[in-house]
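The next block holds one structure in the form of structure tokens; read it before the comments.
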Amino acid sequence: MNMEEHILVTGGAGYLGSVLVPELLEAGYKVTVVDNFLYRQNSLAHVCANPDFNVVWGDVRDRSLMQKLVRGADLIIPLAAIVGVPACNRDPLAATTTNRTAIEDMLKNISKDQRVLMPVTNSGYGIGEKDSFCTEESPLKPLSLYGKDKVAAEQAVLSHGNSMTLRLATVFGMSPRMRIDLLVNDFTYRAVYDRFIVLFESHFRRNFIHVRDVARAFLHGIDNFEKMKGQAYNVGLSDANISKKELCEKIKKQLPDFVFMDAVVGEDPDKRDYIVSNEKIEKTGFKPSHSLDAGIEELIKGFRMIRNNQYGNA
């Protein structure tokens, strides 16, 4: 690794970025973050003393700003996004211009020598075939605006050539810019404070990954960029392709008073239902180190400090 390498992280003060950026600095990279601080967070306050860290208050849709910022970057990690189905549905124009158009504009302003390492979502798989693993070669059938924009952005990034994408499973775990609207985080929060939850279509399955393992996956991708570039990689826990009901059962093991039941009527507006193979990235040497059970334990402790709704995206 060249210790003079400069990484530009868009949306770096968010849920993922506030975990990743300190790890990049610890690894010896120079890091610039651009963020609009939509949630008025100070999640990177603890790294401001690092001389290799710089922060810019701005919007990734500001083309003149981004033209200036990308010039000095060896590697760009575009994290800035309107994340999740509810948040995107609330403001579809902001979602598409941030999640798709800003990526396409950025790519027009970088050289072929500049690298791009971008996270997307494995929600692009939509509804998988019953008991069949979704691989990176599986057809993409996104169901939501969020998923469709992320699939389009991924295609644009991979067409750059000197690039790689990480198709993240549903992320969980504590972060300096916390989100409680993610599935594991949400269910655990409800178990801590409400003690019960009503499940819609509890048999729907997803894959999961700890936020710190996401940061580790980025560092792995940077370290192995030349042999991994030009491709997409699923990133998740291979032993955590589980249903919402199975997730609740895991939470109940740690919070015995937690009660969950299936709804008699109604349906889940989020129709994602699939299981995912993470074999491709595992063959490159990456293995997650944080289990789902350990993550639930961590969240239970963390939620003793959090009791309001400012920590969600919608």
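Tell me, yes or no, whether segment 271-278 has at least one residue that is aromatic (Phe, Trp, Tyr) and in contact with a His (Cβ under 9 Å, 6 or more places away or on another chain).
no
Hey, could you check segment 62-75 for residues that are touching an Asp or Glu at 6+ places or on another chain (Cβ under 8 Å) and outside any helix (DSSP H, G or I) and say which is surrounded by the fewest Cβ atoms within 10 Å (Cβ to Cβ)?
Checked segment 62-75; the qualifying residue surrounded by the fewest Cβ atoms within 10 Å (Cβ to Cβ) is Asp74.
Considering each residue of segment 165-191, count those that are of a type in the set (A, V, I, L, M, F, W, C), in a helix (DSSP H, G or I) and farther than 18 Å from Asn207 by Cα, and give that number.
So the answer is 1.
Looking at (1) buried (at least 20 other Cβ atoms within 10 Å of the Cβ); (2) touching a Lys or Arg at 6+ places or on another chain (Cβ under 7 Å); (3) assigned to a loop (DSSP other than H, G, I, E, B), which is the only condition Gln41 fails?
Failing condition for Gln41: (1).
Please specify each residue of segment 12-46 satisfying the condition of being over 16 Å from the mean Cα position of the chain (by Cα) and of a type in the set (Val, Ile, Thr).
Selection gives Val31, Thr32, Val33, Val34.
Can you find, within segment 133-144, the residue that is modelled with the lowest pLDDT among those that are surrounded by 12 or more Cβ atoms within 10 Å (Cβ to Cβ) and either touching an Asp or Glu at 6+ places or on another chain (Cβ under 8 Å) or assigned to a loop (DSSP other than H, G, I, E, B) (or both)?
That would be Leu143.
Give me the residue from segment 200-216 that is more than 10 Å from the chain's Cα centre (by Cα) and either part of a strand (DSSP E or B) or among the aliphatic types (A, V, I, L, M) (or both) and, out of that set, nearest to Leu20 (Cα to Cα).
Here the answer is Phe208.
Name the one entry in Asn89, Asn54 that is of a type in the set (S, T, N, Q), part of a strand (DSSP E or B) and farther than 14 Å from Arg177 by Cα.
Asn54
Just wondering, is there one or more residues in segment 113-132 that are touching a residue at least 60 places away in the same chain (Cβ under 8 Å), surrounded by fewer than 17 Cβ atoms within 10 Å (Cβ to Cβ) and in a loop (DSSP other than H, G, I, E, B)?
Looking for residues that are touching a residue at least 60 places away in the same chain (Cβ under 8 Å), surrounded by fewer than 17 Cβ atoms within 10 Å (Cβ to Cβ) and in a loop (DSSP other than H, G, I, E, B), one finds at least one in segment 113-132, hence yes.
Kindly indicate which of Pro269, Pro256, Pro288 is buried (at least 17 other Cβ atoms within 10 Å of the Cβ) and in a loop (DSSP other than H, G, I, E, B).
Exactly one residue qualifies, and that residue is Pro288.
Any idea how many residues of segment 76-106 are polar (S, T, N, Q), without any contact (Cβ under 8 Å) to a residue 40 or more places away in the chain and either surrounded by fewer than 16 Cβ atoms within 10 Å (Cβ to Cβ) or under 23 Å from Val171 (Cα atoms) (or both)?
1
Just the residues that are surrounded by fewer than 24 Cβ atoms within 10 Å (Cβ to Cβ) and either without any contact (Cβ under 8 Å) to a residue 24 or more places away in the chain or among the aliphatic types (A, V, I, L, M) (or both), please, taken from segment 20-33.
Those that are surrounded by fewer than 24 Cβ atoms within 10 Å (Cβ to Cβ) and either without any contact (Cβ under 8 Å) to a residue 24 or more places away in the chain or among the aliphatic types (A, V, I, L, M) (or both): Leu25, Glu26, Ala27.
The values are calculated or read from the model by the stated rules, or taken from the named source; none is laboratory data. What you see is a predicted model, and the numbers here were worked out from it, not measured in a lab. Reconstructed Cβ throughout: ideal geometry from the backbone, glycine too, with neighbour counts over all protein chains shown.
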